[in-house]
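Notes follow the structure.
The values are calculated or read from the model by the stated rules, or taken from the named source; none is laboratory data. Remember, it's a predicted structure, so these values are computed and weren't measured experimentally. Every residue, glycine among them, receives a Cβ derived from its backbone with ideal geometry; neighbour counts consider all protein chains shown. Ligands, DNA and RNA are stripped out before the accessible areas are found, and what is left, the full protein with its side chains, is counted by its heavy atoms. Shrake-Rupley method; radii C 1.70, N 1.55, O 1.52, S 1.80 Å.
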Amino acid sequence: MKAGLYISEKNVIVGSLEKPTLNQGEALIKVSAAGICGTDMMIYFGKHPRAKAPLAMGHEFSGVIEEINGESTFKLGDRIVVEPTISCGKCDACLSGNSHVCKTLGLIGIDFHGGFAEYVTVPLHRLHKIPETLSDDHAALAEPVAVGIHTVRRSNMKVGDTVVVLGAGPIGLLIALTAKIAGADKIYISDISPYRLGKAEELGFIALNGNEVDVVKEVMEATNGVGADVVFEVAGNNLTANQMIHACRTQGQIVVVSVYKQPPTIDLAAMHFRELSLTTTRCYSHSDFATAVSMMASGKIDVTPFISHQLSLDEIEKGFQLMMNPDESLKILILPNK
Ligand SMILES: NC(=O)c1ccc[n+]([C@@H]2O[C@H](COP(=O)([O-])OP(=O)(O)OC[C@H]3O[C@@H](n4cnc5c(N)ncnc54)[C@H](O)[C@@H]3O)[C@@H](O)[C@H]2O)c1
Ligand SMILES: [Zn+2]
Ligand SMILES: [Zn+2]
């Protein structure tokens, strides 16, 4: 079968893999749509510690069940979306019901072949059925939507709060969208890409261009010198890791979502004098993922504005090129069977 394969640093090719055979408890999925994510870019740049070439990347994907090996409530032909986390079931986090922070958490598309291929095998317990009202293309975004839901659920955000989101990438925008649904009053979102700031405005947020204005000053002026109730850091650099502290109100909350390429240097003293609390987030729970599917199906979360490109598997290299320019792309879907 055809697969988009990571071969070596900055080298993704359209190659072939043996069509996978099923182990007990697995389903064979014919992939409909798979999103390219920042983590795939990390693999592409040869910077991911676990990814081993040749690898079909892609952990945000939907498809159709072609074969099942084992007892299941799923049927052949069911449309499904994959929750790609694979936990050990034995560590303290797993045993206390928090398998998303498993000590050895793995991901389909990093530790195993993923969705940039015509077919992939997936454990049956990682599948969510796609409701009738949700398309396969949109369902492929359930994973990043679940990140947004998990992040807002981990925050103390309350109805009427002023929220700042630093970074208007797919994850920042989805957090802002979830915060809006959860009742935030004013939502400020910063970026340095005019295209992404335009998306933010389209979605009803107050856009701040970090190249043109002092983001902290703007937030302070807009809140009468008070600061935001909750700041989400989703841009992942040293500058924004410091803005998060100074844009937050006394006794407010900072939520770090970013995965930093280099550890940032931040001023803890500026946090402690104002009793700021800091929360970090990772992935999503099974329930967050199910909620993502449900809220997309009900239309509460519409991902239409997030999809900037839909490409065939043959165009995968172009997808990775487009991802390098935030001013040209947001969420790129690979459609392996089109
Ligand atoms: N916690 C988790 O489980 C989880 C899940 C997914 C992604 N992430 C992380 O979240 C972050 C965002 O993910 P994404 O997919 O949206 O990435 P992305 O790279 O598309 O988005 C980051 C955005 O930050 C913007 N940016 C860069 N410098 C900036 C600045 N000085 N001020 C404001 N904005 C700036 C970029 O233009 C870009 O739009 C990444 O660090 C990613 O690794 C974490
Ligand atoms: Zn991802
Ligand atoms: Zn575990």
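Numbers below:
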{"read-out": "Sole exception among (1) of a type outside the set (D, E, K, R); (2) outside any loop (DSSP other than H, G, I, E, B); (3) touching a Cys at 6+ places or on another chain (Cβ under 8 Å) for Thr104, by number", "value": "(2)"}
{"read-out": "Residue satisfying all of: in the range 83-120; among the aliphatic types (A, V, I, L, M) and more than 16 Å from ligand 1 (Cβ to nearest atom); nearest to Ala3 (Cα to Cα) among these", "value": "Ala117"}
{"read-out": "Filter result for the condition that a residue is open to solvent by 30 Å² or more (accessible area, probe 1.4 Å) and free of Cβ contacts under 8 Å to residues at least 24 places away in the same chain, over Lys47, Lys30, Lys10, Lys52", "value": "Lys52"}
{"read-out": "Single residue of the range 252-298 satisfying the filter (over 28 Å from Lys103 (Cβ atoms) and not assigned by TED's automatic domain parsing to the domain that holds Ala179) that is surrounded by the most Cβ atoms within 10 Å (Cβ to Cβ)", "value": "Met296"}
{"read-out": "Close pairs (7 angstrom Cβ cut-off, 6 or more residues apart or separate chains): of a type in the set (D, E, K, R) in the range 138-160, within 16 Å of ligand 1 (Cβ to nearest atom) anywhere", "value": "Glu143/His59; Glu143/Glu60; Glu143/Pro84; Arg153/Asp288; Arg154/Val255; Arg154/Thr279; Arg154/Thr281"}
{"read-out": "Test: Asn238 is over 30 Å from His128 (Cβ atoms), open to solvent by 50 Å² or more (accessible area, probe 1.4 Å) and either modelled with pLDDT of 95 or more or touching a Pro at 6+ places or on another chain (Cβ under 8 Å) (or both)", "value": "yes"}
{"read-out": "Conditions (1) among the β-branched types (Val, Ile, Thr); (2) assigned to a helix (DSSP H, G or I); (3) over 18 Å from Lys331 (Cα atoms); number of the one not met by Ile316", "value": "(3)"}
{"read-out": "All positions within the range 299-338 that are open to solvent by 30 Å² or more (accessible area, probe 1.4 Å) and of a type in the set (A, V, I, L, M, F, W, C)", "value": "Ile307, Met323, Met324"}
{"read-out": "Residue in the range 125-140 that is within 16 Å of ligand 3 (Cβ to nearest atom), buried (at least 16 other Cβ atoms within 10 Å of the Cβ) and under 19 Å from the mean Cα position of the chain (by Cα) present", "value": "yes"}
{"read-out": "Spans of helices (runs of 4 or more DSSP H) in the range 138-255 with at least 2 residues of a type in the set (Gly, Ala, Ser)", "value": "142-154, 170-181, 194-202"}
{"read-out": "Residue match in the range 63-75 (condition: more than 25 Å from Lys129 (Cβ to Cβ), away from ligand 1 (no atom under 16 Å from the Cβ) and either open to solvent by 60 Å² or more (accessible area, probe 1.4 Å) or not assigned by TED's automatic domain parsing to the domain that holds Lys261 (or both))", "value": "no"}
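Okay, residues lined up against (1) on the phi < 0 side of the Ramachandran plot; (2) of a type in the set (A, V, I, L, M, F, W, C); (3) outside the structural domain of Leu22 (by TED's automatic domain parsing):
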site: Ser99; (1), (2), (3): yes, no, no
site: Asp111; (1), (2), (3): yes, no, no
site: Leu173; (1), (2), (3): yes, yes, yes
site: Gly204; (1), (2), (3): no, no, yes
site: Leu208; (1), (2), (3): yes, yes, yes
